[in-house]
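The values are calculated or read from the model by the stated rules, or taken from the named source; none is laboratory data. Treat the numbers as computed from the prediction; the structure is a model and nothing was measured. Quick reminder, even Gly has a Cβ in these numbers, built from the backbone with ideal geometry, and neighbours come from all protein chains shown.
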Amino acid sequence: MVNSLYAASYFLSLFPENMKPETTEERQGYLHPYDFTGNEEQTRLKVLIRDFDMSGLEEKTNILERMKKQTLKEFPDLKIDLVVNDTYRNMNSILNKHPEIVRLAEEAMKEAGVTPVKQPVRGGTDGSQLTFMGLPTPNIFAGEENAHSRLEWIPAESMVKSVQTILNISKLSAEERLWK
């Protein structure tokens, strides 16, 4: 018998320290285990692979492959299925072809009294999915603090500003007839 929990724990121990979200910042990519379920028979581990370019995504996929091989050396009777699904890609390559979309979002923010700040987002977004489906969608602020933590919160004023921004985007889009 091979206890899948021990094998999964071993696999987790192989994650490079310098590629964890908590040890990286700004434009550094990372590997992020975010879901772990199982028993002695079968364990499932889900990992986010994030990077700002395709070569970085490929590099991190190769690291996971090497981790799999190392785990199989330690647990030779184990079966590991490594499945990589493309979920979030860097939408900047497409948004750069549609500067009017980003300009419109910035203008809408300014009209709402918000100063636009451009910075890379270190994670997946719905905007990425929409952009790669053909609807260029830059990220705009939602006003949250401590995002994706148990202590996430949002000031009421920020909620009002984000709603004003969305309404301004709708108004400006209609005026400029961006979507025909």
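Among the residues of the range 131-173, which ones are among the charged types (D, E, K, R) and assigned to a loop (DSSP other than H, G, I, E, B)?
Scanning the range 131-173 gives Glu144, Arg150, Glu152.
Does Glu65 satisfy the condition of being out of contact with any Asp or Glu (no Cβ under 6 Å at 6 or more places or on another chain) and free of Cβ contacts under 8 Å to residues at least 40 places away in the same chain? Even if it seems obvious, please write down each step before you answer.
On the way: out of contact with any Asp or Glu (no Cβ under 6 Å at 6 or more places or on another chain): yes; free of Cβ contacts under 8 Å to residues at least 40 places away in the same chain: yes.
Spelling it out, Glu65 is indeed out of contact with any Asp or Glu (no Cβ under 6 Å at 6 or more places or on another chain) and free of Cβ contacts under 8 Å to residues at least 40 places away in the same chain.
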Exercise for the section: Can you tell me which residue among Lys73, Lys46 is out of contact with any Lys or Arg (no Cβ under 8 Å at 6 or more places or on another chain), at pLDDT 90 or above, farther than 30 Å from Asn139 by Cα and not hydrophobic (A, V, I, L, M, F, W, C)? Expected result: Lys73
Practice task
Evaluate the range 161-180: report whether one residue or more is among the aliphatic types (A, V, I, L, M), closer than 28 Å to Tyr34 by Cα and surrounded by 11 or more Cβ atoms within 10 Å (Cβ to Cβ).
Solution key: no
Problem - Some residue of the range 150-171 being touching an Asp or Glu at 6+ places or on another chain (Cβ under 9 Å) and within 30 Å of Leu57 (Cα to Cα) - result: yes
Handout entry: Residues located in the range 102-144, provided they are aliphatic (A, V, I, L, M), farther than 22 Å from Glu176 by Cβ and over 17 Å from the mean Cα position of the chain (by Cα)
Key = Val117
Problem - Within the range 91-111, tally of residues that are over 14 Å from Ser173 (Cα atoms) and either at pLDDT below 90 or buried (at least 18 other Cβ atoms within 10 Å of the Cβ) (or both) - result: 5
Handout entry: Evaluation of Leu57 against (1) outside any loop (DSSP other than H, G, I, E, B); (2) among the aliphatic types (A, V, I, L, M); (3) farther than 25 Å from Leu135 by Cβ (one fails), failing number
Key = (3)
